[in-house]
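See below for the structure under consideration.
The numbers here are math on the coordinates, done by the rules we state, and not lab data. These figures come from a predicted structure and were not determined experimentally. Glycine also receives a Cβ, built like all others from the backbone with ideal geometry; neighbour counts cover every protein chain displayed.
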Amino acid sequence: MELSDRDLALVSTLADGLPLVDRPYLAVGHMVGMSEVEVIERIKAMREAGIIRRFGVIVRHHELGFRANAMAVWDIPDAEVAALGARLGDAPEVTLCYRRPRRLPDWPYNLFCMIHGRDRATVEASIRTLISRHGLDVHPHSVLFSIRRFKQTGARYGRRLAAE
């Protein structure tokens, strides 16, 4: 699929997030010179073509009262990591779960799970529950609590002026 200048303007505009209005695709359409229907159809076509792989929400956890978060990391045998990652990703305690390559010799971990909670004790209890429920006690792991908060944003691509 070849992207037009209008498609690129649409992707660039979507990177800033959807407006918090009753009809966000209509508002985005106004910004990029498309109709609401065209915006929806272009997003659908780009998803089907694999150009847009994920369309999600960024939640500001701290503002919702979740003051503690930790990245629990495990060293899982490669033959087991996909299945275990899928199970952990479905766990209600897990906000985000993904696989990354090990960085030996210093970093042996290949499965990462983000857990948020209202306080540190809640996060620690959630991790103990995951360990027990999924038999993770046999795998080396570490828990890294956040000490600073950074602004999270979606992916950024080359900017173009909308509806030039």
### Task
Please report the relative contact order for the range 5-48, taking Cα pairs under 8 Å with a sequence separation of at least 6, and give it as a percent rounded to a whole number.
31
### Query
Given a Förster distance of 25 angstrom, what is the FRET efficiency for Thr122 paired with Arg60, based on the Cβ-Cβ distance and rounded to 0.05?
0.85
### Task
Working from Cα positions, state the angle (0 to 90°, nearest 10) between the long axis of helix 36-48 and the longest principal axis of the chain.
50
### Summary
For the chain, the charge dipole (Cβ of Lys, Arg +1; Cβ of Asp, Glu -1; about the Cα centre) points to a positive end, and the Cα of Val21, Val57, Ala125 closest to that extreme belongs to Ala125
### Message
Using Cα-Cα distances under 8 Å and only pairs 6 or more residues apart, what relative contact order does the chain have, in percent?
### Response
29
### Task
Classify the range 17-109 as rounded, prolate or oblate from the Cα gyration tensor: take a ≥ b ≥ c as the square roots of its eigenvalues, call it rounded if a/c is under 1.5, otherwise prolate when a/b beats b/c and oblate if not.
prolate
### Which label in [x] 1, 7, 12, 17, 17, 15, 12, 9, 5, 3, 1, 0, 0; [y] 1, 8, 14, 16, 13, 12, 12, 11, 8, 5, 1, 0; [z] 1, 8, 16, 17, 15, 13, 12, 9, 6, 1, 0 gives the computed P(r) over Cα pairs in 5 Å bins from 0, in percent
[y]
### Task
Neighbouring Cβ atoms within 10 Å as the yardstick, rank Met46, Met71, Met1, Met34 fewest first.
Met1, Met71, Met46, Met34
### Query
Which trypsin sites (Lys or Arg not before Pro) from the range 72-152 combine a DSSP loop assignment with at most 15 other Cβ atoms within 10 Å?
Arg102, Arg118, Arg148, Arg149, Lys151
### Task
Would you please report the Å³ per residue occupied by the convex hull of the alpha carbon atoms in the range 61-145?
89
### Summary
By the C-alpha gyration tensor axes a ≥ b ≥ c (rounded if a/c is under 1.5, else prolate when a/b exceeds b/c, else oblate), the shape of the range 5-48 is rounded
